[in-house]
1. Residue 81 passes all but one of (1) over 30 Å from residue 187 (Cβ atoms); (2) in contact with a strand residue (DSSP E or B) (Cβ under 6 Å, 6 or more places away or on another chain); (3) buried (at least 17 other Cβ atoms within 10 Å of the Cβ); which number fails?
2. For the condition at pLDDT 80 or above, assigned to a loop (DSSP other than H, G, I, E, B) and surrounded by 14 or more Cβ atoms within 10 Å (Cβ to Cβ), what is the one hit in 320, 350?
3. Residues being touching a helix residue (DSSP H, G or I) at 6+ places or on another chain (Cβ under 7 Å) and either assigned to a strand (DSSP E or B) or free of Cβ contacts under 8 Å to residues at least 12 places away in the same chain (or both): count how many of those fall in the range 57-79.
4. Go through the range 80-95 and report how many residues are under 22 Å from residue 399 (Cβ atoms), outside any loop (DSSP other than H, G, I, E, B) and free of Cβ contacts under 8 Å to residues at least 40 places away in the same chain.
5. Check whether at least one residue in the range 140-148 is in contact (Cβ under 8 Å) with a residue 40 or more places away in the chain, buried (at least 16 other Cβ atoms within 10 Å of the Cβ), touching a strand residue (DSSP E or B) at 6+ places or on another chain (Cβ under 6 Å) and not in a loop (DSSP other than H, G, I, E, B), and report yes or no.
6. Identify, by number, the condition in (1) surrounded by 12 or more Cβ atoms within 10 Å (Cβ to Cβ); (2) at pLDDT below 80 that residue 362 doesn't meet.
7. Kindly evaluate residue 374 against the criterion of being at pLDDT below 85 and closer than 20 Å to residue 69 by Cα.
8. Looking at 270, 301, 242, which one is within 26 Å of residue 193 (Cα to Cα) and over 21 Å from the mean Cα position of the chain (by Cα)?
């Protein structure tokens, strides 16, 4: 068997354990088959791999909107929860769509938290007699396991602890924003910490005076970060009140930092993989968006940027970079937000349309032209090779990061 020259030293076996992996200097990864000596090239440039088109809710004309995305531990399947109360698993190897617990889940869910590699889920929303839906479900059996009682307003935000035994819930979401209906939205803007297997409420965090829309645990599980987006003013047709980020000490149920953010709405907030920083993204006036980085311990803002068309920002899973999403694609940058590492354009030339019934050619062309419209959530696969983006339009895109080290 003949291997490449020494300057192409093998770095490891590939994931299938049948190929040796070499990295030459010409911009691609070379894979050598151990058994048959065949060589194939794995592109290093990230690309748009799959587009999952939106599905319309029957009789409404409104698309199903993804509220949570999760790759399974083997990175093969993408689990997605959609409104109203539907869960699907997308097999990225066989291009197959599997519906989970079809027709059995609460139809007015607004927050979804996958547990146990997608076998169970905590579901939050509204619609029960108290309007504070918060339940644990067995997705394999399509059965409710228990309720979590304590909130008095709808639930919009959930977060899972690093050890998988506890979760956070945030209250204060609206039920049906309609000028024609008088609705009691409640004044419960609390954050509550729960034990999953017993249903016990461990602690309550008080301080926000607007609906809680984002939550995240620190990697060590000792802190959490939250954001509020103000109250819904039906007459004005917009949110009003505070938009703030707060960092909490969970052991002592105590607020550490209160960070006011001058914005209309905070769209996302999260800890860095090492827990030293908090990144938040938020909307401004007239399609202007911003994102900023704060020091976890001091609460000091390190920098902020305002950019036209940016709607979501976050950390890469390896902690080496941050990313933000623009209409034309995804930008990866260093922690200053100024030095770009990679740009992933919204290019559908190599893209596969998921499922056996792709949209019409006209619809495909329209989606390709629109690019990423209204991204609301992001998930990375455990092996670091894929990134999924859910949009308020109902579509989901899956990007192959192709070993680019992002």
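1. Exception for residue 81: condition (1).
2. Values: 350 fails: surrounded by 14 or more Cβ atoms within 10 Å (Cβ to Cβ).
Exactly one residue qualifies, and that residue is 320.
3. Filtering the range 57-79 for residues touching a helix residue (DSSP H, G or I) at 6+ places or on another chain (Cβ under 7 Å) gives 70, 72-73, 79.
If we keep only those that are either assigned to a strand (DSSP E or B) or free of Cβ contacts under 8 Å to residues at least 12 places away in the same chain (or both) too, we end up with 70, 79.
So the count comes out to 2.
4. 3
5. no
6. (1)
7. Details: at pLDDT below 85: yes; closer than 20 Å to residue 69 by Cα: yes.
Answer is yes for this residue.
8. Details: 270 fails: over 21 Å from the mean Cα position of the chain (by Cα); 301 fails: within 26 Å of residue 193 (Cα to Cα).
Going through 270, 301, 242 in turn, the sole match is 242.
The values are calculated or read from the model by the stated rules, or taken from the named source; none is laboratory data. This structure is a prediction, so every number in the text was calculated from the model and none was measured. Cβ atoms come from the backbone with ideal geometry, glycine included; neighbour counts cover every protein chain shown.
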